[in-house]
Amino acid sequence: MATIKINASETELVSKALMEFALYAHVDSSFDVSSFPPLRRLQIEHHRWQSEKLSLNADRSLAVMNLGIVEEACWELPVAVEEDSRDEIFDTLGDILIYTMACCTDLRLDFMTLARDFDAGELQMVQGLEGWMNLYKGIGMLAHVVGKNRQRTRGYDDLEKCRMHGGAAIARICSAVHWLCFSNDWEPSVLLQEVASKVMQRDWTKNSTSGEVAQA
């Protein structure tokens with residue numbers, strides 16, 4: 001059975017993400033975040049959008065956000081690759097990052113820190129299918145943490161352990177997406193901003209089927 005092992009650098013990274021999140025966790029919906037770094041601002045704006053544009057009955061739990069990652073990576077992305085649709089691959093990678101960012105908010109982790117701000121100097125070069133494998137292993141690792149947390153087994157009733165291992169998994173997902181973006185000549189920060197801007201135009205409180213709001 002596979003078990004999760006995180007190294008010292010991952011532990012340090014997640015600890016930093018926890019501290020960074022704590023610096024802005026108190027801000028309310030009226031707080032001006034325009035001076036925040038782009039990825040940090042986007043994390044807050046996405047959380048506000050979820051609170052305002054999803055039904056009050058919508059399940060925004062960590063488990064559902066994790067399912068969103070699985071849906072995009074295990075269904076939408078392979079279909080897009082089969083159809084050789086660069087536009088759909090672009091959108092799907094963006095959606096994976098959006099759901100991953102939402103998981104960060106639930107775990108009280110700073111997404112920008114775990115993504116290493118998509119700094120080109122942090123890009124991990126891999127060969128062949130290893131880039132894809134890294135993505136799916138990261139997603140599976142996060143699913144393990146989330147599932148065991150819900151079951152209160154394997155020590156994941158300990159919130160600190162859940163955040164540390166979940167944060168390490170998120171960092172690995174971000175690193176894998178960074179490589180896949182690089183392989184397609186895309187800048188991950190630009191990709192995420194572009195896809196998120198389209199997502200956050202939807203208002204599911206007004207149209208629960210598509211989220212699209214009819215133009216007057």
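The values are calculated or read from the model by the stated rules, or taken from the named source; none is laboratory data. In this text the structure is predicted, and so the values were computed from the model without any measurement. Note that we place each Cβ from the backbone using ideal geometry, even for glycine, and neighbour counts take in every protein chain shown.
On the given criteria, is TYR156 in contact (Cβ under 8 Å) with a residue 60 or more places away in the chain and of a type in the set (Ser, Thr, Tyr)? Even if it seems obvious, please write down each step before you answer.
Details: in contact (Cβ under 8 Å) with a residue 60 or more places away in the chain: no; of a type in the set (Ser, Thr, Tyr): yes.
No: the conditions fail for TYR156.
Filter the stretch 106-132 for residues that are touching an Asp or Glu at 6+ places or on another chain (Cβ under 7 Å) and among the β-branched types (Val, Ile, Thr) and give the result. Explain how you work it out, then say what you get.
Going residue by residue through the stretch 106-132, those that are touching an Asp or Glu at 6+ places or on another chain (Cβ under 7 Å) are 110, 113, 116.
Within the stretch 106-132, THR113 is the sole residue that qualifies.
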**OP:** Would you check which residues across the stretch 67-87 are in contact (Cβ under 8 Å) with a residue 40 or more places away in the chain and over 22 Å from ASP106 (Cβ atoms) and list them?
**Re:** ARG86
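Identify all residues within the stretch 3-14 that are surrounded by 15 or more Cβ atoms within 10 Å (Cβ to Cβ) and either within 16 Å of LEU39 (Cα to Cα) or of a type outside the set (Val, Ile, Thr) (or both); write none if there are none.
The first filter runs over the stretch 3-14 and keeps only residues surrounded by 15 or more Cβ atoms within 10 Å (Cβ to Cβ), leaving 4, 6, 10, 13-14.
Of everything in the stretch 3-14, those that are surrounded by 15 or more Cβ atoms within 10 Å (Cβ to Cβ) and either within 16 Å of LEU39 (Cα to Cα) or of a type outside the set (Val, Ile, Thr) (or both) turn out to be GLU10, LEU13.
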**OP:** Consider ILE44 carefully, then state whether it is in contact (Cβ under 8 Å) with a residue 12 or more places away in the chain, surrounded by 15 or more Cβ atoms within 10 Å (Cβ to Cβ) and more than 18 Å from the chain's Cα centre (by Cα).
**Re:** no
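Looking at ASP185, ASP110, ASP158, can you tell me which residue is modelled with pLDDT of 95 or more, within 15 Å of the chain's Cα centre (by Cα) and of a type in the set (Asp, Glu)?
Values: ASP185 fails: within 15 Å of the chain's Cα centre (by Cα); ASP158 fails: within 15 Å of the chain's Cα centre (by Cα).
Result of the check over ASP185, ASP110, ASP158: ASP110.
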**OP:** Would you check if there is a residue in the stretch 48-64 being modelled with pLDDT of 95 or more, β-branched (Val, Ile, Thr) and within 17 Å of the chain's Cα centre (by Cα)?
**Re:** yes
**OP:** Kindly state which helices (runs of 4 or more DSSP H) lie completely within the stretch 73-116 and contain at least 1 residues that are surrounded by fewer than 21 Cβ atoms within 10 Å (Cβ to Cβ).
**Re:** 77-82, 86-107
Original post:
When you scan the stretch 161-181, how many residues do you find that are without any contact (Cβ under 8 Å) to a residue 60 or more places away in the chain and more than 13 Å from the chain's Cα centre (by Cα)?
Top reply: 3
Subject >> Total residues in the stretch 33-57, condition closer than 13 Å to MET112 by Cβ, in a loop (DSSP other than H, G, I, E, B) and not aliphatic (A, V, I, L, M) >> reply: 2
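Which of the following residues is in contact (Cβ under 8 Å) with a residue 60 or more places away in the chain, closer than 23 Å to SER189 by Cα and charged (D, E, K, R): ASP119, ASP106, ASP91? It would help to see each step written out before you state the result.
Values: ASP119 fails: in contact (Cβ under 8 Å) with a residue 60 or more places away in the chain; ASP106 fails: in contact (Cβ under 8 Å) with a residue 60 or more places away in the chain.
Among ASP119, ASP106, ASP91, only ASP91 is in contact (Cβ under 8 Å) with a residue 60 or more places away in the chain, closer than 23 Å to SER189 by Cα and charged (D, E, K, R).
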